[in-house]
Amino acid sequence: MTSPRYAVLDGEIVRWEKATVHASTHALHYGTGVFEGVRAYYAPEEAELHVWELDAHLERLVRNMGVLEFREGPTKDQLWDATVKLLRANGFREDTYIRPLVFLGEGTIRVRPQTQRTRWVLLTVPLGSYLGKKVVSCMVSSWTRLSNNMLPPAAKISGCYVNSLLASLEAARAGYDEAILLTKEGTVSEGSVENIFLVRRKKLYTPSVSEDILEGITRGNVMDLAKDLGLSVEERRIARSELYHADEIFLCGTGAGIVAVGEVDGRQIGDGDVGPLTRQVIEQYDLAVHGKLVKYRNRLTSIYGTAPLPLEAERPFRETDPAEP
Ligand SMILES: Cc1ncc(COP(=O)(O)O)c(C=O)c1O
């Protein structure tokens, strides 16, 4: 990866190389951070970068800071302001991934912090397709999805992602593209970094929020778009064997987009390709994130144009080290 020129550290735009923290940082030892993954899509015909669902992502991030009982940290406006400024500073002319992370910094070696400082970073990197394929193969992981009473999976806590990593490593070692994790009761939860939908007899099914999932923003988008298409969607418990009987399966997430699953545990799903309903949902999503559906245009934030910014955004940004790399 070629490094972007700038990052944000504690609200200041700094050169990428300067966005570093001390080895005693609490989050490095204990995974005590909350983060988001946001996407911006580049529209070459307008020479414009549009961020999809920025408000929803920042809202979720700020709410999740409360789950870890962070007493301080950036406000939604500060995060919004910094995101827009950083994207403008880096000036990418391609699809971009945005990673805000709020975490516990230096202060104590103990697990329970007393005077811990909350710090935050914001990174933006060019990123194309996450899984790199239109159709992926999956295995049901031998790792159980962590459950709500262990670590809240919905809170996007850094430490939770060791669960995703283990499942993803296992799947890759076994020759699959992605893992599907089950709850401790053995019902379907989600992919390592994506929510999951099944299609059966022209109807969509997805695990309920109580199934130890991250309640994905893309999952919500899929439900909205499916309704527009006249498709019915049901949130419920899904048995493992329903995966093998599905007509179609797809995974969805901000990073991954919407990706068809052609195989689970060596069993072909449908004809092993992108199914007809999955294709419709993918096409609608693609139109929405590229600003081609009027109904969803208000979920986009334009970066290089004259999009209205929250109050603080009018302040000129301070580059703590403006020198070129
Ligand atoms: C575990 C997990 N599930 C689902 C998702 C999809 O969430 P969203 O659509 O909000 O990106 C993610 C996203 O990174 C994730 O990490």
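The values are calculated or read from the model by the stated rules, or taken from the named source; none is laboratory data. Since the model is a prediction, treat every value here as computed from it, not as a measurement. Note: ideal-geometry Cβ built from the backbone for every residue, glycine included; neighbour counts use all protein chains shown.
Every residue in the stretch 174-196 that is more than 13 Å from Ile213 (Cα to Cα) and buried (at least 22 other Cβ atoms within 10 Å of the Cβ), please. Step through it out loud before you land on a result.
Step one: list which residues in the stretch 174-196 are more than 13 Å from Ile213 (Cα to Cα), which gives 174-179, 185-186.
Answer for the stretch 174-196, where residues must be more than 13 Å from Ile213 (Cα to Cα) and buried (at least 22 other Cβ atoms within 10 Å of the Cβ): Glu178, Ala179.
Out of (1) within 15 Å of the ligand (Cβ to nearest atom); (2) surrounded by fewer than 19 Cβ atoms within 10 Å (Cβ to Cβ), the odd one out for Gly257 is which?
Among (1) within 15 Å of the ligand (Cβ to nearest atom); (2) surrounded by fewer than 19 Cβ atoms within 10 Å (Cβ to Cβ), the lone unmet condition for Gly257 is (2).
Every residue, every condition in (1) under 26 Å from Asn195 (Cβ atoms); (2) more than 15 Å from the chain's Cα centre (by Cα); (3) not basic (Lys, Arg), yes or no:
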position: Pro4; (1), (2), (3): no, yes, yes
position: Ser24; (1), (2), (3): no, yes, yes
position: Val38; (1), (2), (3): yes, no, yes
position: Leu49; (1), (2), (3): yes, yes, yes
position: Leu61; (1), (2), (3): yes, no, yes
position: Tyr97; (1), (2), (3): yes, no, yes
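Looking for something under 30 Å from Trp80 (Cβ atoms) and either in contact (Cβ under 8 Å) with a residue 40 or more places away in the chain or within 13 Å of the ligand (Cβ to nearest atom) (or both) - is there at least one such residue anywhere in the stretch 168-176?
Restricting attention to the stretch 168-176, the residues satisfying the condition of being under 30 Å from Trp80 (Cβ atoms) are none.
Among the residues of the stretch 168-176, not one is under 30 Å from Trp80 (Cβ atoms) and either in contact (Cβ under 8 Å) with a residue 40 or more places away in the chain or within 13 Å of the ligand (Cβ to nearest atom) (or both), which makes the answer no.
Taking the stated definitions as given, is Gly105 closer than 30 Å to Pro74 by Cβ and either surrounded by fewer than 16 Cβ atoms within 10 Å (Cβ to Cβ) or touching a His at 6+ places or on another chain (Cβ under 8 Å) (or both)? Can you show your working first?
On the way: closer than 30 Å to Pro74 by Cβ: yes; either surrounded by fewer than 16 Cβ atoms within 10 Å (Cβ to Cβ) or touching a His at 6+ places or on another chain (Cβ under 8 Å) (or both): yes.
Judged against the criteria, Gly105 is a match.
This table checks each residue for (1) at pLDDT below 95; (2) within 16 Å of the ligand (Cβ to nearest atom); (3) surrounded by 13 or more Cβ atoms within 10 Å (Cβ to Cβ); (4) within 30 Å of Gln78 (Cβ to Cβ).
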{"residue": "Gly220", "(1), (2), (3), (4)": "no, yes, yes, yes"}
{"residue": "Met223", "(1), (2), (3), (4)": "no, yes, yes, no"}
{"residue": "Arg236", "(1), (2), (3), (4)": "no, no, no, no"}
{"residue": "His245", "(1), (2), (3), (4)": "no, no, no, no"}
{"residue": "Glu263", "(1), (2), (3), (4)": "no, no, yes, no"}
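Which of the residues that make up the stretch 198-209 are within 16 Å of the ligand (Cβ to nearest atom) and touching a residue at least 60 places away in the same chain (Cβ under 8 Å)?
Once the filter is applied, which keeps residues that are within 16 Å of the ligand (Cβ to nearest atom) and touching a residue at least 60 places away in the same chain (Cβ under 8 Å), the stretch 198-209 yields only Leu204.
So for the stretch 135-142 (the condition being crowded, with 16+ Cβ neighbours inside 10 Å, without any contact (Cβ under 8 Å) to a residue 60 or more places away in the chain and under 18 Å from Arg39 (Cβ atoms)), does at least one residue qualify?
Residues of the stretch 135-142 crowded, with 16+ Cβ neighbours inside 10 Å: 135-141.
This time we only want the ones that are without any contact (Cβ under 8 Å) to a residue 60 or more places away in the chain, so: 141.
With the extra rule that they be under 18 Å from Arg39 (Cβ atoms), the set shrinks to none.
Checked the stretch 135-142: no residue is crowded, with 16+ Cβ neighbours inside 10 Å, without any contact (Cβ under 8 Å) to a residue 60 or more places away in the chain and under 18 Å from Arg39 (Cβ atoms).
Would you pick out the residues in the stretch 267-301 that are assigned to a helix (DSSP H, G or I) and among the aliphatic types (A, V, I, L, M)? If you could, list the steps in order and put the result at the bottom.
To start, the set of residues in the stretch 267-301 that are assigned to a helix (DSSP H, G or I) comprises 276-289, 294-299.
Residues satisfying the conditions are Leu277, Val281, Ile282, Leu287, Ala288, Val289, Val294.
From Glu48, Glu59, Glu36, grab the single residue that is modelled with pLDDT under 95, at negative phi and either surrounded by fewer than 16 Cβ atoms within 10 Å (Cβ to Cβ) or in contact with a strand residue (DSSP E or B) (Cβ under 9 Å, 6 or more places away or on another chain) (or both). Step through it out loud before you land on a result.
Working: Glu59 fails: modelled with pLDDT under 95; Glu36 fails: modelled with pLDDT under 95.
After applying the criteria, what remains is Glu48.
Hey, can you tell me all the residues within the stretch 302-322 that are in a loop (DSSP other than H, G, I, E, B) and at pLDDT 55 or above? Give the derivation first.
Kept after step one, since they are in a loop (DSSP other than H, G, I, E, B), are these residues of the stretch 302-322: 303-310, 315-318, 320-322.
Passing the criteria: Ile303, Tyr304, Gly305.
Suppose we filter the stretch 185-227 for residues that are part of a loop (DSSP other than H, G, I, E, B), acidic (Asp, Glu) and more than 13 Å from the chain's Cα centre (by Cα); how many remain? Before you say what the answer is, go through the steps one by one.
Pass one, the stretch 185-227, residues part of a loop (DSSP other than H, G, I, E, B): 185-186, 192-194, 201-202, 208-216.
In the following step, the residues that additionally are acidic (Asp, Glu) were identified as 185, 194, 211-212, 215.
Within this subset, residues satisfying the condition of being more than 13 Å from the chain's Cα centre (by Cα) are 185, 211-212.
So the answer is 3.
Please find, among Leu122, Leu58, Leu151, the residue that is among the aliphatic types (A, V, I, L, M) and without any contact (Cβ under 8 Å) to a residue 24 or more places away in the chain.
Details: Leu122 fails: without any contact (Cβ under 8 Å) to a residue 24 or more places away in the chain; Leu58 fails: without any contact (Cβ under 8 Å) to a residue 24 or more places away in the chain.
Matching residue, one of Leu122, Leu58, Leu151: Leu151.
In this structure, is Gly230 modelled with pLDDT of 95 or more, away from the ligand (no atom under 13 Å from the Cβ), more than 22 Å from Val136 (Cβ to Cβ) and part of a loop (DSSP other than H, G, I, E, B)?
On the way: modelled with pLDDT of 95 or more: yes; away from the ligand (no atom under 13 Å from the Cβ): yes; more than 22 Å from Val136 (Cβ to Cβ): yes; part of a loop (DSSP other than H, G, I, E, B): yes.
Answer is yes for this residue.
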